[in-house]
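Chemist: Take this structure, written in structure tokens, and hold onto it; I'll ask about it next.
The values are calculated or read from the model by the stated rules, or taken from the named source; none is laboratory data. Computed from a prediction, not measured in an experiment: that's the story for all the values here. Positions of Cβ are backbone-derived with ideal geometry, glycine not excepted, and every protein chain shown enters the neighbour counts. Just the protein is used for accessible areas: all its heavy atoms, side chains included, with ligands, DNA and RNA removed. Shrake-Rupley method; radii C 1.70, N 1.55, O 1.52, S 1.80 Å.
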Amino acid sequence: MADIETKLSQNQPLKTQKIFIGAQIFLRIVVVATSFASAWLMLTNKQIIDIGGFVLDANYKYSPEFRFLSYANIVVGAFSFMSFLFLVLVGRRSSNPTQYFILFLHDLALMCLLIGGCAAATAIGSLGKYGNSHTGWMQICDHFGKFCNRATTSVTFSYFSVVCLLILTITSASKSRQIQA
């Protein structure tokens, strides 16, 4: 009976390690997918309308905030893919807390970059949707519905990536503080 309990207690850290690595891999794949989807949606976002003979167009290039979000998503997707490869290599052998501290710093930096892009795009998106009567800026989403809907979807994907990066940051920080036996 004592042998079974000993084997069970020895396998528990290995099982916990495998679950942790699996969750990290899954979340990193989600971050890569949602970041690249968000970037693609924003980079291909444009709409041309004709209002009384005047041709007007909306394009993500006209807004520095939307460009920043697009480029931030590309950087986050690329670096998350590289961290995914690093995690696959590290996960195959026993790891030390220093490696998880590096992942913590990496995820924290990516999360901060993406939060900045999301905040900027959300601010300009709100201005486009509701306008600002105090400054005389009109809303444009009533005319450029397709453009605004794609921008909203792109920002939503980016916020989902931020949540996944937050979870990755917390779990990496927790794992980096564990003392190795």
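Chemist: Hey, what's the chain come to in accessible area per residue, 1.4 Å probe, Å²?
Modeler: On a per-residue basis, the chain sits at 61 Å².
Chemist: How large is ³J(HN,Hα), in whole Hz, for each residue of the stretch 81-88 in order, when computed from phi with the Karplus curve 6.51 cos²θ - 1.76 cosθ + 1.60 and θ = phi - 60°, using x for Gly and Pro?
Modeler: So the Karplus estimates, Gly and Pro as x, are 5, 5, 5, 4, 5, 4, 5, 5 Hz.
Chemist: Right, something else. Tell me, what is the 1.4 Å probe accessible area of ILE29, in Å² to the nearest 10?
Modeler: Surface accessible to solvent at ILE29 totals approximately 90 Å².
Chemist: Mind listing the lone cysteines of the chain, meaning no other Cys beta-carbon sits under 4.7 Å from theirs?
Modeler: So, CYS112, CYS118, CYS164.
Chemist: How far, in degrees from 0 to 90, does helix 2-43 lean away from the longest principal axis of the Cα atoms of the chain, to the nearest 10?
Modeler: 20
Chemist: Calculate what fraction, in whole %, of the accessible area of the chain sits on carbon and sulfur atoms when a 1.4 Å probe is rolled over the protein chains.
Modeler: Accessible surface attributable to carbon and sulfur in the chain totals 69 percent.
Chemist: If you don't mind, there's one more thing I want to ask. Tell me, what ³J(HN,Hα) does each residue in the stretch 48-60 have, in order and in whole Hz, if you take phi through Karplus 6.51 cos²θ - 1.76 cosθ + 1.60 with θ = phi - 60° and put x for Gly and Pro?
Modeler: 10, 10, 10, 10, x, x, 8, 8, 10, 10, 10, 8, 4
Chemist: Quick one: if the Förster radius is 45 Å, what FRET efficiency do ILE51 and VAL88 give, using the C-beta to C-beta distance and rounding to 0.05? Intermediate results must be reported in sequence, preceding the final value.
Modeler: Numbers: r = 53 Å, r/R0 = 1.17.
That gives a FRET efficiency of 0.30.
Chemist: Using every pair of alpha-carbon atoms in the chain, split the distances into 5 Å bins beginning at 0 and state the percent of pairs per bin, rounded to integers.
Modeler: Reading upward from the zero bin: 1, 8, 15, 16, 13, 10, 9, 7, 6, 5, 4, 2, 2, 1, 1, 0, 0, 0.
Chemist: Which value, in nm² and rounded to one decimal, describes the direction-averaged projected area of the C-alpha convex hull of the stretch 78-181?
Modeler: Orientation-averaged projected area of the Cα hull: 8.2 nm².
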